[in-house]
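Read-outs: derived from the displayed coordinates by stated rules, not from any lab. Predicted, not measured: the structure shown is a model, and the values here were computed from it. So basically every Cβ, Gly included, is an ideal-geometry build from the backbone, and we count neighbours across all protein chains shown.
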C-alpha cells in the first residue's frame, strides 16, 4: 500500500535521475521532464555520473551487482534536493527497495535520507510543482497505460490522469482491464517470451480498441514493450512518454 | 517435481489452448468483479487487511506455543492429535486409522493438504477407495486430473466437457449439459457414498488454539457431510493454520470468503470442537487432527520468507494474476499454483526443482494488492530469485545457487562494472548511439513479436549538457 | 512416530521466533451496527440474495407460516424434535389436520440413517441466533436437534427470534463469550447448499438442502 506522503514546498533546485532506458532510448522524454520543471522556475541538476538504479540486476537476483551500482548512484545526489525520476518503476526501486537493499551495508541513514527524496515525475509535477498546464495542441484521443509500479508501488496512477485531464483538448479513453500488466517485467519478457507475447498482444488489442490516436505512459519499459509490439503489428497509433506528450502540447516556444 | 523444460512445454500447451484461454479469462474477470463489489469501501478494506495480516502474524510469532495449546484443547475435547514430519508420515497415519476401523471407503471434503499429500493415490495403492465429494474435485477425480485452482478446482473445464465426462463414466444417466441436471446427478451418486463411507476427511481453514476448534468454510454441504455422517472424521492441516483466539475468526472469515469468490459469507461455516458427546444423536465418534509440517518449519526459520505462511488460501492472488490467467493452474505443475504457489512450492520442493517459478513473474504486484493478509508476494519472489543464484549458501532455502549460470552471472558482473564507472558508461552509451545503425539489435526472443528497439541519436547525458543543465 | 515428530517440529519452531512488521497495537476493525428494523431488512435481503426464503412473522403466528409453506411445497413429511424448543407449538398447531405428516425420532441417527437419508422430505429446527450482516443462522445442534437435520433432508425450515438477531459474527462471538463454551459443533448457515464449480454457474442443492426457509419471529412484524 503506498503510504500517504507529505510533500515539501516548491524547491529552488532539484536533481533529475533519467534512468538508463530514457538515456539510450527515450532521451526526449527525459529532456521534456527537465524542461517542464525548468519552465516553472526550478533549477534542474542533471548529475553526469548517474547511470542506472540497479533494478535489472536486483530483480534477477544479482544483489551484490545491483548494490554496487546503487551505491554509485547515491554518491551522485549528495545535496538535499528532491530527486525526480520519469519512471514509476525506477522511482519505486529507489524509494521502496533501496532501504531493503542497503539493510546490511551500514549505509542505512544515508539511504533513508536518499529514498525519502525520490519522487516520480508526475507526482512531483502535481504535488510539489503544482503545475498548471495550458493545452496548445489540437483535439486528440489518448489512451493511458499506467505501469504496475506507478500504480501500485508509487501510487501515482491518479497523478498521471490528473495531468492529462488538465489538457483541455485531450480526450482520455479507457481501455479494458487497464490495471493489468503489459507483460514487460524486465527480463521476464525474455525469460518467458510466450506469456509475455500473449500479455502484450492482449494489452495492444485493448488499447487499439479504444480508437485512441496516441498511447501515453509514464514508464519506458512499458512503452518499449507495447510500442514495440504495436510497431511490429504496423498499427497507426503513436506512443509517447507522458513527459514528452505534455511538453509537446504545452511548449509555446516551438509554435 | 517437474524440471523446467516441462514447465515451458506446459506453458506452450496452455497458451495454444483457445478454449482454456477463454474459460480462464471469463472466470477470472468474474471473480475479480465479485471481489471488488464485495469491498466497496477502500479504507475499510485496508483496515481489514491490516487486521488480517496482524492476526496471522501474531499466530505465527507464537506458533510453537499455539500448536501446543491447540493440541491440549483438542485432547481435552476428545480429539486425537497426530503430528507428521512429512507427507509420507501423514499418509501412514490416515492409513492406520482406516485400518483400525476396517474402513474401505474414505469420503473427502475439499482439502489442499490432502492434495499435497497425494493421499488418494497412496490409499488406493493400499486398496482403499478415496472419493472426492466437492463437486469440482469430484469432476476432476473422474477426469483423472489435479485441481487447477485452490478454490475453484475445475475452473478450466467447460460445462460441455463435464457433461461428456459424466456421460462416459455413467452411461446409464441420460446425457445433459444442464448445470442443474449435472449437479443433481452428482448429488445422487455421492449421497450413497456419504451414507456408506467409514471415514470422512476434511481440511481445516482455521484451527483455534484457545478452544481447540477446527473451522471449515464451504458452500456445498459436502464438508459437513464428511465431518458429520461417517463414524470417524480425520482433519488434515498444515501447522501454520492455527490462530490464537476465537475472536480472530470473524475478521479472517470475512476476508477469506470475500477475497476468494466475492461472497459476504459461504453457505456453511462449520466449527468442530469435539467428537460426538454422550447423548448426542449424530456426529463422528472419533475425530482425528493431523498436523503436517512438510517443510513449513523450515520456511519458518527465515524472518522474511516466513510471511509465506500467513496465507489463508483464498486464491485471490491467482484470480488477479495476469500470468495465472494466461496459463492456468496445471502449467505450474505444483499443488498450489499462481503467485502464492510460486513462493510456497519452491521453498518446499527446493529451488533446484522449482526455481523457474519465482522467475515466471512480471512482479506487477496485483497479487500483493489483493492479498487479504498482505503477504508481500513480489518481495518474496524477488528474494527467492536471489536465493536461486546466490553462491554463499548462507540461508535456509533448499537448492540455493542452483539457478546460477556462468553466462548470466558474468553478464551481470559486466553490467555492474559498467554502471558503476560513469565515464565508461557515458562512453559506451555514446558509442551505441553512434553505431545504432549497424548494431545487431534484432535479438530473440524480444523481436519475435516486437519491432527492434530504437536507439536515440544522442544520449540524454549529452543532450542535458548541450541544453545547459548543470551537473551539480 | 508421531511423538517424535511432535518434538522435532516444535523444537525447530522454538529455535526461531520470527518478528513481523505488522502493527503491535490491535488494529480496530469497525463492525457495522443497524437499528432493529434495518437489521431485519438486511438479514432478509442477504438471505434472499442466495435464494433462501425469509418470512417475518409475529411470535404467536409462526406455526401458521410453517403450515402454509410446508403445504405449498408439497412436503410429504416433516421431521421435528419432539423434545426440542419448537415441539409444543408445532404439535398444537398441527392437531389432526391433513398437513404434511409430522415425524420424529429420538434414537441415534445411525439407527435410522436410511430414513433420514432417503425418506425425509423436510426438517424443522430452531436456530440459536442470527447475523444480519451476512444473513446467517447460528445453530448449535444438540441431542434434540442433531447436526444432520439441517443438512440431509432436501428442505430445511429454521425458526429464530429477532431478539437474537445480532449485527455481525464478531458481535456474537464476543457477546455470547463463545471462547468459554464451544459446543461439539457450531454452525453458521447462510442459505441453501450451492456450488459454482461447473463453469462458474450457480446451482443449488448440491449436497445439503436445496431449500432453506427461515421464519423470523419478530414482535413488531407481520408477514
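Give, in nm to one decimal, the length gained when the segment between residue A:80 and residue A:134 is fully stretched (0.36 nm per residue of separation minus the Cα-Cα distance).
Details: separation 54, 0.36 × 54 = 19.44 nm, distance 3.09 nm.
Full extension of this stretch gives 16.4 nm more.
Please report the orientation-averaged projected area of chain B, defined via the convex hull of its C-alpha atoms, in nm².
On the way: hull surface 110.9 nm².
Mean shadow area of the hull around the Cα atoms is 27.7 nm².
Would you please classify the overall shape of region B:299-369 from the alpha carbon gyration tensor, given that a ≥ b ≥ c denote the square roots of the eigenvalues, rounded means a/c under 1.5, and beyond that prolate means a/b larger than b/c while oblate covers the rest? Spell out each step's value before the answer.
Values: a/c = 1.68, a/b = 1.24, b/c = 1.36.
It is oblate, given that a/c is not under 1.5 and a/b is not larger than b/c.
Using the Cα atoms as the points, what is the convex hull volume per residue of region B:85-241 in Å³? Display every interim value, and only then the final one.
Working: hull volume 18.5 nm³, N = 157.
In region B:85-241, the Cα hull volume divided by residue count equals 118 Å³.
What's the center-to-center distance, using Cα atoms, between region B:114-153 and region C:63-120 in Å?
37
Please state, rounded to one decimal and in Å, the Kirkwood hydrodynamic radius that region B:204-262 gives when every pair of distinct Cα atoms enters the mean of 1/r. Before the final figure, lay out each step's value.
On the way: mean 1/r = 0.0798 Å⁻¹.
For region B:204-262, inverting the mean 1/r across all distinct Cα pairs yields 12.5 Å.
With a ≥ b ≥ c the root eigenvalues of the C-alpha gyration tensor of region C:126-177, is it rounded (a/c under 1.5), prolate (a/b larger than b/c) or oblate?
Numbers: a/c = 2.27, a/b = 1.72, b/c = 1.32.
It comes out prolate by the Cα gyration axes.
Suppose R0 equals 56 Å; then what is the FRET efficiency for residue B:145 and residue C:83 from their Cβ-Cβ distance, rounded to the nearest 0.05? Present the calculation step by step, with values, prior to reporting the outcome.
Working: r = 48 Å, r/R0 = 0.86.
The pair residue B:145/residue C:83 has a calculated efficiency of 0.70.
With the contact rule set at Cα under 8 Å and sequence spacing of 6 or more, what percent relative contact order holds for region C:34-217? Spell out each step's value before the answer.
On the way: 326 pairs, mean separation 53.0, N = 184.
Across region C:34-217, relative contact order equals 29 percent.
Can you give the FRET efficiency for residue B:37 and residue B:437, using 1/(1 + (r/R0)^6), R0 = 45 Å, r = Cβ-Cβ distance, to the nearest 0.05?
Details: r = 54 Å, r/R0 = 1.19.
With R0 = 45 Å, the Cβ-Cβ based efficiency is 0.25.
Helix-only mean residue ellipticity at 222 nm, chain B, DSSP H runs n ≥ 4 weighted -39,500 (n - 2.57), per residue, nearest 500. What is it?
Values: 23 runs with 241 residues, N = 472.
Mean residue ellipticity, 222 nm, calculated: -15000 deg cm²/dmol.
What share of all Cα pairs of chain A, in percent, falls into each consecutive 5 Å distance bin?
1, 6, 14, 18, 20, 17, 12, 8, 4, 1, 0
Helix B:179-196: angle to the longest alpha-carbon principal axis of chain B, degrees 0 to 90, nearest 10?
50
Share of Cα-Cα pairs in region B:406-466 beyond 20 Å, in percent? The partial results should precede the final answer.
Numbers: 795 of 1830 pairs.
Beyond 20 Å sits 43 percent of the P(r) for region B:406-466.
Over chain C, with a Gaussian network built from C-alpha contacts below 10 Å, which listed residue (C:70, C:89, C:127) shows the highest mean-square fluctuation?
C:89
Give the dimensionless ratio obtained when the Cα radius of gyration of region C:34-217 is divided by 2.2 N^0.38 Å. Write down the numbers at each step before the final one.
Numbers: Rg = 16.1 Å, N = 184, 2.2 N^0.38 = 16.0 Å.
Region C:34-217 yields a ratio of 1.01.
When the Kirkwood hydrodynamic radius is evaluated over all pairs of different C-alpha atoms of the protein assembly as shown, what value in angstrom, to one decimal, is obtained?
Numbers: mean 1/r = 0.0331 Å⁻¹.
For the protein assembly as shown, inverting the mean 1/r across all distinct Cα pairs yields 30.2 Å.
Show me the ranking of peptides B:371-379, B:18-26 by mean Cβ neighbours inside 10 Å, starting with the highest. Kindly include the intermediate steps, with their values, before the conclusion.
Numbers: B:371-379: 23.8, B:18-26: 15.6.
The densest-packed peptide leads the list: B:371-379, B:18-26.
Taking N as the number of residues in region C:172-223, what is its Cα Rg relative to 2.2 N^0.38 Å?
Working: Rg = 16.3 Å, N = 52, 2.2 N^0.38 = 9.9 Å.
That works out to 1.65 for region C:172-223.
For region A:13-128, compute Rg over Rh where Rg is the Cα radius of gyration and Rh is the Kirkwood radius from the inverse mean 1/r over Cα pairs. Mind dumping the intermediate values first?
Values: Rg = 13.5 Å, Rh = 14.2 Å.
Expressed as Rg/Rh, it is 0.95.
Along the Cα-to-Cβ line of residue C:179, 7 Å from the Cα, sits a label point; which residues in region B:63-84 have backbone N less than 20 Å from it?
B:63-77
Between helix B:249-261 and chain B, what is the angle of the helix's C-alpha long axis to the longest principal axis, kept within 0 to 90° and rounded to the nearest 10?
Relative to chain B, helix B:249-261 is tipped by roughly 70 degrees.
Convex hull over the Cα atoms of region B:230-341, averaged projected area in nm²?
On the way: hull surface 38.5 nm².
One quarter of the hull surface, i.e. the mean projection, equals 9.6 nm².
Angle, helix B:4-16 long axis vs. longest principal axis of chain B, Cα atoms, 0 to 90°, nearest 10?
Roughly 90 degrees between the two axes.
State, as an integer percentage, the relative contact order of chain B based on alpha-carbon contacts under 8 Å between residues 6 or more apart.
19
Could you let me know the centre-to-centre spacing of region B:287-335 and region A:84-124, using Cα atoms, in angstrom?
Between the Cα centre of region B:287-335 and that of region A:84-124, the gap is 30 Å.
If you average 1/r over every pair of different alpha-carbon atoms in region C:72-151 and take one over that average, what Kirkwood value in Å do you get?
Over region C:72-151, the inverse of the mean reciprocal pair distance is 13.7 Å.
Compactness ratio of region A:95-196: Cα Rg over 2.2 N^0.38 Å, N = residue count? All intermediate terms of the calculation are to be shown ahead of the outcome.
Numbers: Rg = 17.6 Å, N = 102, 2.2 N^0.38 = 12.8 Å.
After normalising by residue count via 2.2 N^0.38 Å, the value is 1.38.
Cα centroids of region A:174-203 and region C:15-50: how far apart, whole angstrom?
Cα centroid to Cα centroid, the span is 37 Å.
Determine the principal axes of the Cα atoms in region B:271-325, then give the extent along each, sorted from largest to smallest and rounded to whole angstroms.
The Cα atoms of region B:271-325 stretch 52, 31, 14 Å along the principal axes, largest first.
Using only the Cα atoms, what convex hull volume per residue in Å³ does region A:140-250 have?
Numbers: hull volume 10.0 nm³, N = 111.
It comes to 90 Å³ per residue, whole-number rounded.
Could you tell me whether region B:337-472 comes out rounded, prolate or oblate from its Cα gyration tensor? Rule is a ≥ b ≥ c as square roots of the eigenvalues, rounded for a/c under 1.5, then prolate if a/b exceeds b/c, otherwise oblate.
On the way: a/c = 2.10, a/b = 1.96, b/c = 1.07.
Taking the square roots of the gyration eigenvalues as a ≥ b ≥ c, region B:337-472 is prolate.
Residue B:65 to residue B:99: FRET efficiency via 1/(1 + (r/R0)^6), r the Cβ-Cβ distance, R0 30 Å, to the nearest 0.05? Mind showing how you got there, number by number?
Details: r = 34 Å, r/R0 = 1.12.
Between residue B:65 and residue B:99 the formula returns 0.35.
Averaged over B:222-234, how many beta carbons belonging to a partner chain fall within 10 Å of each residue's beta carbon? Before the final figure, lay out each step's value.
On the way: counts 5, 2, 11, 6, 1, 2, 10, 9, 0, 1, 0, 0, 0.
Taking the mean over all residues of the peptide, I get 4.
How many nm separate the modelled label positions at residue C:37 and residue A:43, each set 7 Å beyond the Cα in the direction of the Cβ?
Computed distance between label sites residue C:37 and residue A:43 equals 6.9 nm.
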